[in-house]
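Just below is one structure, and these are the notes that go with it.
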């Protein structure tokens, strides 16, 4: 220890101290460089380690997960709503009820000649302006003439029975109307060839459509 602290030699003591200071300085620099080298190596290792971590890309997604998502999208995309049938409502006129139907009949002239002809107006209407369907065919329509005592004189069906159905829309403002002619003779069902002339007198006309009858109207021959 004493030899280190007290240098001996031919040179002055100050020379030996300067040499020692230089050596110590060199050693300090070497140690410092070694320390930096070690710390730099750690940083490079850390950066190298981070560079080795693979980045996840869409191509690396598990096939099972991707296919599941695709199947879910396909299921959602291909689902079509079930359409409920649109309810339909009936349009146009419906069948007339008997309570709606009105039948009218009048003689064109109150006073008529014996032996005719006698013209009568026959009308089928309803009690409403709303149209409904009614069969006005020959089998449903009839005009009859009776005496005031109730004796049957004539019927439009005696010599012209039957006929095809004829469904027409009618209403109060759009009635079915025709003119019917009576020849002035007394007739019977089956239309026998013998048809005596109805004598002068007062008679009644009644019109019928189905089960609906008109109010009796007067008719005079003379």
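The values are calculated or read from the model by the stated rules, or taken from the named source; none is laboratory data. This structure is a prediction, so every number in the text was calculated from the model and none was measured. Cβ placement follows ideal geometry from the backbone for every residue including glycine, while neighbour counts extend to all protein chains displayed.
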Unmet requirement for residue 145, which otherwise passes all of (1) more than 11 Å from residue 205 (Cβ to Cβ); (2) over 44 Å from the mean Cα position of the chain (by Cα):
(1)
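What number of residues within the stretch 164-199 are surrounded by 11 or more Cβ atoms within 10 Å (Cβ to Cβ) and under 30 Å from residue 151 (Cβ atoms)? Full working, then the answer.
So in the stretch 164-199, the residues surrounded by 11 or more Cβ atoms within 10 Å (Cβ to Cβ) come out as 166-178, 180-189, 191, 195, 197-199.
Filter once more, so that each one left must be under 30 Å from residue 151 (Cβ atoms): 176-178, 180-189, 191, 195, 197-199.
Residues flagged as surrounded by 11 or more Cβ atoms within 10 Å (Cβ to Cβ) and under 30 Å from residue 151 (Cβ atoms) within the stretch 164-199 amount to 18.
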Selection within the stretch 139-151 - surrounded by 16 or more Cβ atoms within 10 Å (Cβ to Cβ) and out of contact with any helix residue (DSSP H, G or I) (no Cβ under 6 Å at 6 or more places or on another chain):
140, 141, 144, 145, 146
Among residues of the stretch 152-189, those that are touching a helix residue (DSSP H, G or I) at 6+ places or on another chain (Cβ under 9 Å) and either at pLDDT below 95 or closer than 14 Å to residue 122 by Cβ (or both), counted:
2
When you scan the stretch 127-222 for strands (runs of 3 or more DSSP E) that lie fully inside it, which ones turn up with 3 or more residues that are under 15 Å from residue 106 (Cβ atoms), touching a residue at least 12 places away in the same chain (Cβ under 8 Å) and in contact with a strand residue (DSSP E or B) (Cβ under 7 Å, 6 or more places away or on another chain)?
141-147, 176-182, 201-209, 217-221
